[in-house]
Amino acid sequence: MASILRVNTLTDASSNNSIATSFIFGGSAKAWAEIDMTGTATNNDSFNIASFTDAGTGAFNLVISSDMANGNYCFSSGFNNQSSDASAFLKITGASNKTAGQINMQKRENGSTVDCDVNCVILHGDLA
């Protein structure tokens with residue numbers, strides 16, 4: 001038998017920290033990851049990420065634990081530059097590679113894919 005818990009605010013046991021449930025459902029990150037691609041690729045920390053795959057030099061795929069509602073969510077990214085290339089970027093590897101359950105990323109510097117030690121991705125949108 002299913003139950004429903006209806007609350008406006010969540011708080012810790014000592015009531016020192018509280019947050020409105022509308023904030024949680026409406027605006028907080030739905031998934032994030034910090035990936036180190038140098039040497040043996042490592043997921044240093046993450047939230048709502050089931051797994052990740054090293055997809056070659058400078059590329060990785062993230063599988064989302066609780067899917068997004070669709071592939072139209074927003075993402076932000078950041079990384080540690082391995083060179084002085086001011087035009088370096090972390091990008092989606094192709095429009096078809098951003099789905100409700102997965103996002104594939106690629107780090108580029110100086111016109112080439114490169115592995116770096118800090119690759120951060122944050123997903124915002126509605127969960128399924």
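The values are calculated or read from the model by the stated rules, or taken from the named source; none is laboratory data. Just so it is clear, the model here is predicted, and its values are computed rather than measured. With ideal geometry, Cβ positions are generated from the backbone for all residues, glycine too; neighbour counts draw on all protein chains shown. For accessibility, only protein heavy atoms count, side chains too; no ligands or nucleic acids. Shrake-Rupley method; radii C 1.70, N 1.55, O 1.52, S 1.80 Å.
General observations
- Taken together, the criteria exclude Ala100 from residues that are under 30 Å from Thr9 (Cβ atoms) and under 11 Å from the mean Cα position of the chain (by Cα).
- Just so you know, in the stretch 71-93 the residues that are under 19 Å from Gly125 (Cα atoms) and without any contact (Cβ under 8 Å) to a residue 40 or more places away in the chain include one that is surrounded by the fewest Cβ atoms within 10 Å (Cβ to Cβ), and it is Lys91.
- The stretch 114-128: number of residues that are open to solvent by 40 Å² or more (accessible area, probe 1.4 Å) and either closer than 29 Å to Gly27 by Cβ or in contact with a strand residue (DSSP E or B) (Cβ under 6 Å, 6 or more places away or on another chain) (or both): 8
- Hey, Leu5 in a strand (DSSP E or B), over 11 Å from the mean Cα position of the chain (by Cα) and more than 14 Å from Ile103 (Cα to Cα) or not: no
- Some residue of the stretch 12-26 being within 20 Å of Asp126 (Cα to Cα) and surrounded by 14 or more Cβ atoms within 10 Å (Cβ to Cβ): no
- If you filter the stretch 54-70 down to residues that are touching a residue at least 40 places away in the same chain (Cβ under 8 Å) and assigned to a strand (DSSP E or B), you find that the one that is most open to solvent (accessible area, probe 1.4 Å) is Asn61.
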